[in-house]
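Report on one structure; see the data block that follows.
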Amino acid sequence: MTDAQLIKGVTIDVSPDFSDARGNLSARQVGNGLPFTPKRLFFITDVPENTKRGDHAHKECHQLVLCLNGQVDCVVDNGVERTRYCLNSRDTALHLPPMIWGIQENYSAGAILLVLASHEFDPDDYIRDYEEFLALSSKR
């Protein structure tokens with residue numbers, strides 16, 4: 001994670017790994033590193049160089065983003081501020097609440113991005129036009 005300033009609405013959570021001779025265990029539970037009950041999860045892998053993922057916001061859905069392997073840059077924008085975080089450790093999660101524009105880019109070779117979502121997939125929950133996002137976020 002970079003030393004970037006947090007923007008309003010975005011949180012970072014670091015949950016310790018538990019390590020012994022059998023390997024490493026990373027855990028999160030609702031109320032302790034997991035700010036919502038997930039309804040969906042997905043992995044993003046094998047992203048070609050110079051490819052962006054995300055590039056949208058959600059109206060209602062929360063997302064918790066973790067990089068399980070490698071590193072990924074996450075650009076987050078609340079309509080007023082924009083900053084970049086580098087996820088490069090499986091113990092660090094980025095919580096994107098509704099109405100945060102998110103872009104994931106600069107995937108390293110072998111990067112695995114895990115996304116936990118608070119809602120089932122609903123195409124009507126997505127805001128894919130940045131100008132529409134700015135108009136909606138200014139009304140909050």
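The values are calculated or read from the model by the stated rules, or taken from the named source; none is laboratory data. Since we're looking at a predicted model, the values are computed, not measured. We place every Cβ from the backbone using ideal geometry, glycine too, and count neighbours over all the protein chains shown. Note: areas computed on protein heavy atoms with side chains; ligands, DNA, RNA excluded. Shrake-Rupley method; radii C 1.70, N 1.55, O 1.52, S 1.80 Å.
Return the total of residues in segment 38-53 being surrounded by 10 or more Cβ atoms within 10 Å (Cβ to Cβ) and either modelled with pLDDT under 80 or more than 14 Å from Cys67 (Cα to Cα) (or both).
5
Give me the pairs, please: first residue somewhere in segment 85-113 and basic (Lys, Arg), second residue anywhere and part of a strand (DSSP E or B), beta-carbon distance under 7 Å, and either six or more positions apart or on two chains.
From residues that are basic (Lys, Arg), the pairs are Arg90/Leu66; Arg90/Cys67; Arg90/Leu68.
Among the residues of segment 64-96, which ones are under 21 Å from Asp129 (Cβ atoms), open to solvent by less than 20 Å² (accessible area, probe 1.4 Å) and not β-branched (Val, Ile, Thr)?
Once the filter is applied, which keeps residues that are under 21 Å from Asp129 (Cβ atoms), open to solvent by less than 20 Å² (accessible area, probe 1.4 Å) and not β-branched (Val, Ile, Thr), segment 64-96 yields Cys74, Asp77, Leu96.
Are there any pairs, at least 6 apart or on different chains, whose C-beta atoms fall under 6 Å, with the first in segment 8-37 and part of a strand (DSSP E or B) and the second of a type in the set (Phe, Trp, Tyr) and open to solvent by less than 80 Å² (accessible area, probe 1.4 Å), and if so, which?
none
Within segment 110-140, track down each residue that is open to solvent by 30 Å² or more (accessible area, probe 1.4 Å), under 14 Å from Asp77 (Cα atoms) and either among the aromatic types (Phe, Trp, Tyr) or touching a Ser or Thr at 6+ places or on another chain (Cβ under 9 Å) (or both).
Once the filter is applied, which keeps residues that are open to solvent by 30 Å² or more (accessible area, probe 1.4 Å), under 14 Å from Asp77 (Cα atoms) and either among the aromatic types (Phe, Trp, Tyr) or touching a Ser or Thr at 6+ places or on another chain (Cβ under 9 Å) (or both), segment 110-140 yields only Tyr130.
What is the one condition in (1) in contact with a Ser or Thr (Cβ under 9 Å, 6 or more places away or on another chain); (2) closer than 21 Å to Phe43 by Cα; (3) modelled with pLDDT of 95 or more; (4) assigned to a loop (DSSP other than H, G, I, E, B) that Arg90 does not satisfy?
Answer for Arg90: the failing condition is (3).
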